[in-house]
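Participant: Here it is, the structure in full.
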Amino acid sequence: VHTMLPIDAAYLVAALLVLIYIWCRHTYGYWKRNKIPYMTPLPLIGNMGVLLTMRNSFYLYLSDVYKDAKMSKAAAVGIYILNRPALVLREPELIKSVLIKEFPKFGNRSAGCDPHNDPLGSNNLFFIRNPQWKDLRTKITPIFTTGKIKQMYPLMTEIGTELETHLNSFTKTDDIFVTEAKEVCANFTTDVIATIAFGIKANSLVDPSAKFRALGRKQLTFTFGRALQFFIAFFYPNWATALRVRVLIPEFETFLRGTIEHVMALREESKATRNDLIDVLVSLKQEAVAKGEYNAQLQDILAAQAAVFMVAGFETSSSTMTFALYELSKRPDLQERLRNEICEAFVAEQGRLSYETINNLPYLGMVVDEILRLYPSLPFLGREHLPKEGEKPFDLKPYYDYTVPVGMHLYIPIFGIQRDPEFWPNPDTFDPERFNAENKKTHKPMTYLPFGSGPRNCIGGRIGLLQSKLGLVHILKNHYVTTCEKTPSEITFDPLSIFLSYKGGICLKFVNDKRYERNVTQ
């Protein structure tokens, strides 16, 4: 009997290996059977090897799929997220169908988190699912109209002036200082978002360790554990509840809840209006109270919008500003042209730019547009295919005879598309002329998507652009930036981050040449 056990065990192991082999052949043969071009997967991990070994971030992997020489003629490419098939779209017409033409079938993002454990993460406009998303988007949209943004602009310019004061305090001694550009920019954008979203002073420029900035920094520090949570949230959202996945860290959530409740209570009591996000949240709350519909869940939904406004608002714009300063530091000629435009405008308007002026400085617009092409804040989009019952599912005709199954995730590699030499000659070169009035007319639709497109595009895109432009004009008004010994010759992207962020700092030399003051006295 004893001699039989090892043989039985050997049979069991052999049978198990055969079963695994059959399962792998079937699972990873999906795209081949469906005659869709695909990236060769590895057993059990599919195409996620680069992510699991932390060699690359997902958006750079998608960019590699997009640029793969074998896929240059493919309209879509099959990949495997571990064992699950997913599609990467390459053809602009297919992208247009998913984001715009067939939007009702793709109304949900492919990401999600645990609604019980992370109510602010799952209920915000970025993650929330239909039908709640549509209702919420309609209610939040009024904050982002041109009229509302124009009313917020004076609040933003106050922080712009504080940014100048902050820079001047550094350059008092010898007119030159070296610093990590992202810190300066993130302190500025944190203060702007705090004032326009919450109506409070965050004081990050004065004190970089202030609560708002410190927790924002912590929220966006990607450790292995945080990277794993984001992996599940973005690629296996169905597991999010079982694994208690959180997008917002508990400290940040507690702080934001407390801040929002406090500011809303003060606003309701004083009946003051400030044309900011809190005004809208107060009116939504009062509307719900009047209908007898105000409850803990709605409280979460209101707080969740402030949370996403905060995280998305300070991180994206500060990255755009940092990348702009970095590229301009390497091209003094382009920086000089931009500074001339900025200084002339400041002189013409006695030191304060109007909302119309800052939005209509042509070269500033070209520079920021080109930075968002090279460095899109959200470098990929994910959508889930969920047609309504009885509705015809989405198919890939005329490119492939393939109907997309319900629940499949489709990805749009924005970073790859925006650096495709077919659409953007010398794609890795910083060249604002791509966005002059003439060249803009030649851009192929759906090849420039820094804010997404269609009904679920970035609702805060215009505020983000304005904030980035405002920060840049107040920096470049009296300072120019140059590279220094610590400035990286090339950007190294952070493989742990789901967003576009870089490893190490971007140190730049800020030189105060008092350009505006000199121009005024001439």
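The values are calculated or read from the model by the stated rules, or taken from the named source; none is laboratory data. Just so you know, these numbers come straight off a predicted model, no measurement behind them. Counting neighbours? That spans all protein chains shown, and the Cβs are built from the backbone with ideal geometry, glycine included.
Participant: Considering Phe127, Phe106, which residue is in contact with a His (Cβ under 8 Å, 6 or more places away or on another chain), closer than 30 Å to Lys444 by Cα, aromatic (Phe, Trp, Tyr) and touching a residue at least 40 places away in the same chain (Cβ under 8 Å)?
Facilitator: After ruling out the rest, the residue left standing is Phe106.
Participant: Another question about this same structure. Regarding segment 460-477, can at least one residue be identified that is in a loop (DSSP other than H, G, I, E, B), at pLDDT 95 or above and surrounded by 17 or more Cβ atoms within 10 Å (Cβ to Cβ)?
Facilitator: The answer is yes, given that some residue of segment 460-477 is in a loop (DSSP other than H, G, I, E, B), at pLDDT 95 or above and surrounded by 17 or more Cβ atoms within 10 Å (Cβ to Cβ).
Participant: From Gly351, Gly365, Gly382, grab the single residue that is surrounded by fewer than 23 Cβ atoms within 10 Å (Cβ to Cβ) and assigned to a loop (DSSP other than H, G, I, E, B).
Facilitator: Details: Gly365 fails: assigned to a loop (DSSP other than H, G, I, E, B); Gly382 fails: assigned to a loop (DSSP other than H, G, I, E, B).
From the options Gly351, Gly365, Gly382, the qualifying one is Gly351.
Participant: Take the residues in segment 255-289 that are polar (S, T, N, Q) and assigned to a loop (DSSP other than H, G, I, E, B), then tell me which one is farthest from Ile463 (Cα to Cα).
Facilitator: Selected residue: Thr273.
Participant: Return yes or no: is Leu60 without any contact (Cβ under 8 Å) to a residue 40 or more places away in the chain, among the aliphatic types (A, V, I, L, M) and not in a strand (DSSP E or B)? Steps first, answer last, please.
Facilitator: Values: without any contact (Cβ under 8 Å) to a residue 40 or more places away in the chain: no; among the aliphatic types (A, V, I, L, M): yes; not in a strand (DSSP E or B): yes.
Taking the combined requirement at face value, the residue does not satisfy it.
Participant: Further question on the same structure: Going by what's in this entry, would Pro398 be described as under 21 Å from Glu102 (Cα atoms) and touching a Ser or Thr at 6+ places or on another chain (Cβ under 7 Å)? Lay out the reasoning, then the answer.
Facilitator: Working: under 21 Å from Glu102 (Cα atoms): yes; touching a Ser or Thr at 6+ places or on another chain (Cβ under 7 Å): no.
So Pro398 fails the test.
Participant: Hey, among Leu353, Leu372, which residue is modelled with pLDDT of 95 or more and under 28 Å from Cys507 (Cβ atoms)?
Facilitator: Exactly one of Leu353, Leu372 is modelled with pLDDT of 95 or more and under 28 Å from Cys507 (Cβ atoms), namely Leu372.
Participant: Right, next: Going by the structure shown, is Val347 modelled with pLDDT under 90 and either within 30 Å of Thr429 (Cα to Cα) or of a type in the set (Val, Ile, Thr) (or both)?
Facilitator: no
Participant: What number goes with the only condition from (1) surrounded by 15 or more Cβ atoms within 10 Å (Cβ to Cβ); (2) not small (Gly, Ala, Ser); (3) not in a helix (DSSP H, G or I) that Arg217 does not pass?
Facilitator: (3)
Participant: From the list Gly407, Gly416, pick out the single residue that is in a helix (DSSP H, G or I) and closer than 23 Å to Leu62 by Cβ.
Facilitator: Details: Gly407 fails: in a helix (DSSP H, G or I).
That would be Gly416, the only listed residue that is in a helix (DSSP H, G or I) and closer than 23 Å to Leu62 by Cβ.
Participant: Tell me which helices (runs of 4 or more DSSP H) are completely within segment 74-171 and hold 3 or more residues being in contact with a Phe, Trp or Tyr (Cβ under 9 Å, 6 or more places away or on another chain), or say none if there are none.
Facilitator: Counting at least 3 such residues, we get 92-96, 146-170.
Participant: Could you count how many residues in segment 239-280 are under 15 Å from Ile193 (Cβ atoms) and touching a Cys at 6+ places or on another chain (Cβ under 6 Å)?
Facilitator: 0
Participant: Can you tell me how many residues within segment 407-436 are out of contact with any helix residue (DSSP H, G or I) (no Cβ under 8 Å at 6 or more places or on another chain) and in contact (Cβ under 8 Å) with a residue 60 or more places away in the chain?
Facilitator: Residues that pass the stated criteria total 1.
Participant: Give Phe58, Phe103 a once-over and let me know the one that is surrounded by 12 or more Cβ atoms within 10 Å (Cβ to Cβ), among the hydrophobic types (A, V, I, L, M, F, W, C), out of contact with any strand residue (DSSP E or B) (no Cβ under 7 Å at 6 or more places or on another chain) and modelled with pLDDT of 95 or more.
Facilitator: Answer to the selection: Phe103.
Participant: Now for a different question. In segment 375-394, which residues are within 22 Å of the chain's Cα centre (by Cα), under 18 Å from Val88 (Cβ atoms) and at pLDDT 95 or above?
Facilitator: Within segment 375-394, Pro376, Pro379, Phe380, Leu381, Gly382, Arg383, Glu384, His385 qualify.
Participant: Across segment 186-200, which residue is surrounded by the fewest Cβ atoms within 10 Å (Cβ to Cβ) among those that are in contact (Cβ under 8 Å) with a residue 60 or more places away in the chain and more than 14 Å from Met156 (Cβ to Cβ)?
Facilitator: Ile200
Participant: While we're looking at this one, here's another question. Just one of Ile128, Ile149, Ile79, Ile143 is modelled with pLDDT of 95 or more and among the β-branched types (Val, Ile, Thr); which is it?
Facilitator: Ile79
Participant: Within segment 395-435, which residues are under 26 Å from the mean Cα position of the chain (by Cα), surrounded by fewer than 14 Cβ atoms within 10 Å (Cβ to Cβ) and not acidic (Asp, Glu)?
Facilitator: Gly407, Pro421, Pro425, Asn426, Thr429 - these are the residues of segment 395-435 that are under 26 Å from the mean Cα position of the chain (by Cα), surrounded by fewer than 14 Cβ atoms within 10 Å (Cβ to Cβ) and not acidic (Asp, Glu).
Participant: Just the residues that are assigned to a loop (DSSP other than H, G, I, E, B) and among the acidic types (Asp, Glu), please, taken from segment 419-459.
Facilitator: Asp420, Glu422, Asp428, Asp431
Participant: Mind checking which residues of segment 222-251 are among the basic types (Lys, Arg) and part of a helix (DSSP H, G or I)?
Facilitator: Our first condition is that a residue be among the basic types (Lys, Arg); within segment 222-251, this holds for 226, 244, 246.
If the condition is that a residue be among the basic types (Lys, Arg) and part of a helix (DSSP H, G or I), then Arg226 is the only one that fits.
Participant: Could I ask something else about it? Part of a helix (DSSP H, G or I) and at pLDDT 90 or above - does that describe any residue in segment 290-310?
Facilitator: Looking only at segment 290-310, we keep the residues that are part of a helix (DSSP H, G or I), and these are 290-291, 296-310.
Then keep just the ones that are at pLDDT 90 or above; that gives 290-291.
So far as segment 290-310 goes, yes, one or more of its residues are part of a helix (DSSP H, G or I) and at pLDDT 90 or above.
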